[in-house]
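Everything on this sheet refers to the single structure shown next.
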Amino acid sequence: MYLVFDIGGTNMRIATSLDGKTLSATKIVPTPKDFEQGVQTFKQVADELTNGQKIKAVAAGVTGALDKEKTTQLTSPHVGGWIGKPLKGELERLFNCPIFLENDANLAALGEATYGAGAGHHIVAFLTISTGVGGARIVNQKIDENSLGFEPGHQIIVIDGSPCNCGGKGHLESYVSGSGIERVYGKKAEHINDPQIWDKIARYLAVGLQNTTVFWSPDVIVLGGSVMKSLPLENTKAYLDELLTIFPKPPDVVVGKIGDSAGLYGALALLNLS
C-alpha cells in the first residue's frame, strides 16, 4: 500500500495505491491553514483510506518552494502557516516509512508528462492555472534539474502591476490565477461570463507562455488547473502566435488530460523514480 498527497492552496487530495502505478481510493478535503491541523488531517484521512494496512512509502506534492533537502516549505503564498514547519519529519513520525516531497506543480507536471497530455513528448512545459500559477519543465519524464524549484507564475509581465500573493507586483499569477482574477474583477473566475474579460486574461496568459517558450523551448505546453475550464484556449494560442517571433512557430499548447488528479499521478511517478 502506497500513499500519495497533493497539497494545494485550496484543497488537499489524498489517495492510496495498491501497486504504486494506479490509484485505488481518493479523498478531497480543504487544505487547513494551520500546519498542526493539516498533520492531523493527513492521519485521519490516511487511516480511513488504508483501513489499517501497512504503508510502504509516501509521496506528496506541496504548494510553494521547498528547501534543497526537500523537508520543509520555504515559501507558500496560499498556506503561510506551513512555512518552516518540519513536514517531512512529521510525515515520517506518522507513517514510519520513506517520505518523498516535491513541489505540487512539479508533480502535476510529471503526472501529465508521464500519464497525460505530455506523454510521448521529450520536453514538456506544464503550467497549472488554479488558485495560483505553478509549473515545471519535464525532460524525458523527469523533473528537470533546478536549484529552488520552478516558479513560472511569478515571472513579471507588467512592470509595477497588480499585487501578487507573494508580495511582488505584476506577476503572471496576478492576472490569470483564480486568486488574481478575483482580486482584479471582484468575483470568482467561474462566475465571470464576459468574453472581453476572458479575452484579456487569455492575452496575459499568452505573454507568460511566450516567456516560458523562449526560456524552456518545449515540445509541448500543457495547461492544467481549474481556471482553464473557463479560459478560452484558442484566444491564448492566437495571441501566442502573434507574440512569438523568434521561433518559426509556437509549440503545441494543450489542456491537460488527467485534470485534478495530475499531482497524484505525478506522485506515483515520483515513487517509481525514487
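The values are calculated or read from the model by the stated rules, or taken from the named source; none is laboratory data. The structure displayed is predicted, hence computed values, not measured ones. Here the Cβ positions follow ideal geometry from the backbone for every residue, glycine too, while neighbour counts run over all protein chains shown.
Annotation note: of Leu209, Leu243, Leu268, Leu205, the sole residue that is more than 20 Å from Glu151 (Cα to Cα) and touching a strand residue (DSSP E or B) at 6+ places or on another chain (Cβ under 8 Å) is Leu268. Could you say whether any residue in the stretch 45-61 is over 16 Å from Ser17 (Cα atoms) and at pLDDT below 95? No.
In the stretch 65-80, the condition of being in a strand (DSSP E or B), closer than 18 Å to Leu273 by Cα and either at pLDDT 90 or above or among the acidic types (Asp, Glu) (or both) is met by no residue. Return yes or no: is Ile201 buried (at least 23 other Cβ atoms within 10 Å of the Cβ) and either in the same structural domain as Pro248 (by TED's automatic domain parsing) or assigned to a helix (DSSP H, G or I) (or both)? So Ile201 passes the test. All conditions in (1) assigned to a strand (DSSP E or B); (2) buried (at least 21 other Cβ atoms within 10 Å of the Cβ) hold for Lys27, with the sole exception of (2).
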